[in-house]
Amino acid sequence: MRVGLIDDLEDVPDEVIISMNRRNPEAFDPYRLNLSTGQLTLLAENPGNYQGWMTDHAGRLRAVTAIVDGVNTQILYRDTEDEPFRPVLTTNFKETVSFMEFTPDNRLVYAATNLGRDKLVLTLMDPSTCRELEVLYEHPRYDISNISYSRRRQKLLGVFCTGHKHPVRHYFDDYEEQLRTRLAERLPGREFGLADESRDETRRLIYAGGDRTRGSYYYYNTLTDELRKVADVAPWLPEDELVEMHPVTYTTRDGLTLEAYLSLPPGLTPTTARQLPVVVNPHGGPWARDVWGYSSEVQFLCNRGYAVLQMNFRGSTGYGRRFLEASYKQWGRAMQDDITDGVRWLISQGIAHPRRIAIYGGSYGGYAALAGVTFTPDLYACAIDYVGVSNLLTFMRTIPPYWRPMLEMMYEQVGHPEADRQMLEACSPALHADRIKVPLLIAQGACDPRVNKAESDQMVAALRSRGVEVEYMVKENEGHGFSNQENRFCFYRAMERFLRQHIGAGAV
């Protein structure tokens with residue numbers, strides 16, 4: 001039997017709401033637990049597809065999200081805990097309606113939604129019908145990401161978006177905005193956020209970080225304006241020896257403006273950097289995104305004298321539905337073109353040495369590294385594939401069991417192994433290994449449930465049969481990515497050797 005916490009019910013003494021598979025090993029039901037007496041009260045029976053429970057400010061379980069199938073989800077709602085949940089809205093995976101917080105009177109909800117629009121916006125919504133009553137905030141470029149709400153003052157404080165460098169913040173409360181403004185003045189050059197706070201909201205734990213530090217925690221008293229450092233996360237990393245992450249943009253061949261990040265070896269800026277060896281580093285996911293901030297991998301590579309380019313190619317999250325859906329069935333196609341266009345932009349700026357460019361990525365980024373040296377074989381001097389997909393057909397046919405509810409969605413996003421067979425074959429690096437002519441380093445976990453080891457095996461076999469240099473690192477005790485510290489050290493040592501051998505020992 002397993003137990004999880006749904007809500008700690010901060011405003012309800014001696015009670016919490018937990019999830020537990022006590023009734024059915026395959027379904028987690030919600031229970032109200034009295035911490036003083038140990039009494040358990042079943043609040044609803046989970047038919048097996050309920051997840052994402054939501055309580056109101058009185059600690060009553062009022063809403064839940066259900067997975068209908070691999071494409072559709074459903075919001076269920078009830079006015080009181082004496083009623084059964086009833087479905088109020090069904091949406092497909094391209095649409096979002098997410099209840100974020102009840103209003104102070106527990107009648108309405110603040111909801112994030114993109115129904116009928118491109119961007120995810122903040123609305124006031126009737127939870128009993130999911131009828132949108134008022135748009136509270138929308139941004140022309142970015143989806144909203146989260147909100148801030150005061151339990152003590154029972155008030156919506158602000159809404160935030162993930163921006164190119166700085167978060168986009170919009171406040172509904174003047175007092176909160178003044179506090180944040182004062183903190184910004186006290187923490188110059190830092191991005192900060194609330195890590196925790198006292199129940200009366202007068203004492204806060206603030207996390208402040210940046211691109212050249214793993215950050216610090218501060219105690220902040222809102223009444224006295226006292227700000228005191230509690231601890232640095234990694235005091236052994238001297239900030240003045242680390243490098244900046246520069247937000248940049250470039251235009252794709254079909255006219256999209258992409259946000260990217262350029263990090264350079266110590267002492268260089270985008271205006272002084274010339275003819276550098278570069279590691280192009282597309283993110284995994286692919287429906288994720290890169291953000292401005294500290295990256296140990298980026299610092300490692302820049303310290304060795306390499307520039308690093310990371311880009312939010314189409315499909316990266318936070319930029320609206322159109323940008324996301326522009327990536328569907330575009331693995332190795334328009335998504336790869338976005339990466340290629342970033343490399344060519346870097347060459348046109350004179351920053352990248354055209355014969356000293358490597359591409360490295362993990363998971364989808366590993367696929368992009370393989371696709372890069374397969375479909376643009378003259379662009380890169382070498383590639384590093386870390387747990388990446390090499391054959392889209394076998395990838396779609398070996399989906400792990402816990403992904404199967406999402407299979408129909410993945411057919412729309414990546415492609416169907418039968419209906420889209422020709423496209424998937426055309427975009428599978430393993431099936432076109434004859435085009436690859438540069439060295440590769442491939443790292444794979446033997447127990448990877450997402451990218452089956454057979455993916456990497458067939459890529460390595462195809463390359464070695466043609467005499468292409470490939471270093472193959474398999475770790476028997478790893479899954480999708482290396483978590484064992486010694487394995488990680490081994491991988492990064494191999495990466496350092498590999499890059500030095502094939503694109504040089506860094507900036508000269």
Criterion (under 26 Å from the mean Cα position of the chain (by Cα) and modelled with pLDDT of 90 or more) met by exactly one of F498, F489: F489
Test for D69: is it touching a helix residue (DSSP H, G or I) at 6+ places or on another chain (Cβ under 8 Å) and among the acidic types (D, E): yes
Every residue from segment 168-205 that is within 16 Å of Y149 (Cα to Cα), over 27 Å from the mean Cα position of the chain (by Cα) and free of Cβ contacts under 8 Å to residues at least 24 places away in the same chain: D173, D174, Y175, E177, Q178, S198, T202, R203
Within segment 51-84, tally of residues that are closer than 20 Å to M20 by Cβ, out of contact with any strand residue (DSSP E or B) (no Cβ under 7 Å at 6 or more places or on another chain) and modelled with pLDDT under 90: 0
Within segment 45-67, considering residues that are more than 24 Å from the chain's Cα centre (by Cα) and of a type in the set (A, V, I, L, M, F, W, C), the one surrounded by the fewest Cβ atoms within 10 Å (Cβ to Cβ): A58
Boolean, L42 is open to solvent by 50 Å² or more (accessible area, probe 1.4 Å) and more than 31 Å from the chain's Cα centre (by Cα): yes
Close pairs from segment 1-19: first of a type in the set (S, T, N, Q), partner open to solvent by 30 Å² or more (accessible area, probe 1.4 Å) and outside any loop (DSSP other than H, G, I, E, B), Cβ under 8 Å, at least 6 apart: S19/V3; S19/L5; S19/I6; S19/F28; S19/W53
Any hit, segment 283-292, residues being in contact (Cβ under 8 Å) with a residue 40 or more places away in the chain, surrounded by fewer than 24 Cβ atoms within 10 Å (Cβ to Cβ), under 21 Å from the mean Cα position of the chain (by Cα) and under 20 Å from A494 (Cβ atoms): yes
Number of positions in segment 458-508 that are in contact (Cβ under 8 Å) with a residue 24 or more places away in the chain, over 18 Å from P277 (Cα atoms) and in a helix (DSSP H, G or I): 5
Strands (runs of 3 or more DSSP E) wholly inside segment 206-281 that include at least 2 residues being surrounded by 15 or more Cβ atoms within 10 Å (Cβ to Cβ), of a type outside the set (F, W, Y) and in contact (Cβ under 8 Å) with a residue 24 or more places away in the chain: 245-251, 257-263, 276-280
Candidate set from segment 140-159 (those that are without any contact (Cβ under 8 Å) to a residue 40 or more places away in the chain, over 20 Å from E259 (Cβ atoms) and among the hydrophobic types (A, V, I, L, M, F, W, C)); member that is surrounded by the fewest Cβ atoms within 10 Å (Cβ to Cβ): L157
T162 vs. criteria within 24 Å of the chain's Cα centre (by Cα) and open to solvent by less than 70 Å² (accessible area, probe 1.4 Å): yes
Test: A358 is closer than 19 Å to M473 by Cβ and touching a residue at least 12 places away in the same chain (Cβ under 8 Å): yes
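The values are calculated or read from the model by the stated rules, or taken from the named source; none is laboratory data. This is a predicted model, so every value here is computed, not measured. All Cβ positions, even for glycine, are placed from backbone atoms using ideal geometry, and neighbour counts span all protein chains on display. Ligands, DNA and RNA are stripped out before the accessible areas are found, and what is left, the full protein with its side chains, is counted by its heavy atoms. Shrake-Rupley method; radii C 1.70, N 1.55, O 1.52, S 1.80 Å.
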